[in-house]
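To start, the structure itself, in structure tokens.
Derivation of every value follows stated rules applied to the coordinates shown; laboratory data play no part. All values derive from a computational prediction rather than experimental measurement. Here the Cβ is made from the backbone with ideal geometry for all residues, glycine too, and neighbour counts use every protein chain on show.
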Amino acid sequence: MSRIPTPATIDAAPAAAQPHLTALKAKLGIAPNMYRLVANSPAALDGLLSLSGALGKGALSAATGERIALAVANVNGCDYCNSAHSYIATNMLKLSEDEVSRNREGRSGDAKADAAVTLARKVSVARGAVPAADLDAARAAGLSDAELVEIVAHVALNSFTNYINEVFDTEIDFPAAKANRIAEPA
């Protein structure tokens, strides 16, 4: 059970959050627990969905975004996000189980995606303090400056959702997939 109330239905959420939750339900078939929990703050939900929506129109593919989400979830040890993104990656984006396993480790079988996921993992583990050589390696693999900025944005977005789920112990409503915890708490 979550540490703060998760509105049981869309109608039980604050009125300002209801249109967002209705749109999510239309897109995904459900309004996932994490979004309903974040709906306790319509402003936070709006910010989460705004950044997610903007990145969905960016230079990185949806598959690369999911790969990054898996890598970051496993750096932070977020079971909810690892479960949700494993489900989305395999069922909606049709990534193989082998690819999802690689992504959880911050790798990919696709060379360009590997550069993106590797950098995302390094950014997450180092809390942003990556050396210039890591950016040079990503550029050498074919990533543009726009893609580099979006990688950092994806790390930030997924760190936010990881923290929401870890702080509030969001009940998992996807097939459970236990995450690793690469970044140990102090």
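Values as computed for the structure displayed
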| item | result |
| --- | --- |
| Hits in region 116-132 (condition: in contact (Cβ under 8 Å) with a residue 24 or more places away in the chain and either crowded, with 20+ Cβ neighbours inside 10 Å or in contact with a Gly (Cβ under 9 Å, 6 or more places away or on another chain) (or both)) | Ala116, Val117, Leu119, Ala120, Arg121, Val123, Ser124, Val125 |
| Hits in region 80-128 (condition: among the hydroxyl-bearing types (Ser, Thr, Tyr) and over 24 Å from Val38 (Cα atoms)) | Thr90, Ser96, Ser101, Ser108, Thr118 |
| Positions within region 132-178 being among the hydrophobic types (A, V, I, L, M, F, W, C), under 22 Å from Ile4 (Cα atoms) and under 16 Å from the mean Cα position of the chain (by Cα), in sequence order | Leu157, Phe160, Ile164, Val167, Ile172, Phe174, Ala176 |
| Qualifying residue in region 81-103 (condition: polar (S, T, N, Q), surrounded by 13 or more Cβ atoms within 10 Å (Cβ to Cβ) and assigned to a loop (DSSP other than H, G, I, E, B)) | no |
